[in-house]
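The values are calculated or read from the model by the stated rules, or taken from the named source; none is laboratory data. None of these values were measured; they are calculated from a predicted model. Counting neighbours? That spans all protein chains shown, and the Cβs are built from the backbone with ideal geometry, glycine included. Calculation scope for accessible area: heavy atoms of the full protein, side chains included, ligands and nucleic acids excluded. Shrake-Rupley method; radii C 1.70, N 1.55, O 1.52, S 1.80 Å.
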Amino acid sequence: MFAIHRAAVIAAACAIGAPAQAQLLTHKDLSAAMSLAIAETALTTCTASGYHVSVTVLGRDAEVIVQIRGDGASPHTVENSFRKAYTSRTFRLASGEVATRYKADPSLFMVHLSNVIPAQGALPIKVGEDVVGAVGVSGSPGGDKDEVCAKAGIDKVAADLK
């Protein structure tokens with residue numbers, strides 16, 4: 001009996017002492033240069049259309065990498081561009097999709113979370129299906145126009161999102 005107990009203890013000790021097959025996670029992140037290119041292109045696109053906007057680019061963990069308040073943009077556009085980008089990054093979809101869902105169901109849980117806003121104007125930035133960030137734009141006369149500028153920013157670096 002003692003031998004069986006001893007064998008079980010030794011087996012358990014070996015199992016605990018054996019290294020787990022754990023590995024580090026590997027992923028791609030947005031660089032400052034790429035984030036700046038996205039933000040500048042979004043800003044330039046909106047400015048060319050006569051819109052005074054702010055742009056926020058968030059990274060994988062929803063951290064601000066670049067935030068620009070364009071010339072003549074209203075103060076609230078900085079916060080709104082962040083909240084739109086945060087919404088898009090958090091839920092991995094266009095912020096306009098959250099707005100659509102909210103219109104259909106005003107009790108939608110997600111709009112009650114901090115920094116989430118049901119407003120169009122932000123898109124996730126993806127490498128394949130992996131969301132590595134988001135870009136949000138605020139200040140155009142309509143979220144659809146903000147989204148066009150956000151898409152232009154992403155399109156600018158699309159070839160490098162691999």
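Some values worked out for this structure:
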| item | result |
| --- | --- |
| Any hit, region 125-138, residues being open to solvent by 10 Å² or more (accessible area, probe 1.4 Å), assigned to a loop (DSSP other than H, G, I, E, B) and touching a residue at least 60 places away in the same chain (Cβ under 8 Å) | no |
| Odd one out for Leu25, checked against (1) under 30 Å from Ile125 (Cβ atoms); (2) modelled with pLDDT under 60 | (2) |
| Residue tally, condition of a type in the set (Gly, Ala, Ser) and more than 12 Å from Glu147 (Cβ to Cβ), over region 92-115 | 3 |
| Subset of region 50-66 [at negative phi, over 17 Å from the mean Cα position of the chain (by Cα) and open to solvent by less than 70 Å² (accessible area, probe 1.4 Å)] | Tyr51, Val53 |
| Lone qualifier among Arg89, Arg69, Arg83 - being open to solvent by 80 Å² or more (accessible area, probe 1.4 Å) and closer than 22 Å to Asp144 by Cβ | Arg69 |
| Residue within region 139-149 that is open to solvent by less than 60 Å² (accessible area, probe 1.4 Å), under 30 Å from Thr26 (Cβ atoms) and either at pLDDT 95 or above or touching a Cys at 6+ places or on another chain (Cβ under 7 Å) (or both) present | no |
| Residue check for Ala99: assigned to a loop (DSSP other than H, G, I, E, B), touching a residue at least 24 places away in the same chain (Cβ under 8 Å) and either open to solvent by 20 Å² or more (accessible area, probe 1.4 Å) or small (Gly, Ala, Ser) (or both) | no |
| Selection from region 32-47 of residues that are open to solvent by less than 40 Å² (accessible area, probe 1.4 Å) and in contact with a strand residue (DSSP E or B) (Cβ under 8 Å, 6 or more places away or on another chain) | Ser35, Ile38, Ala39, Ala42, Leu43, Cys46 |
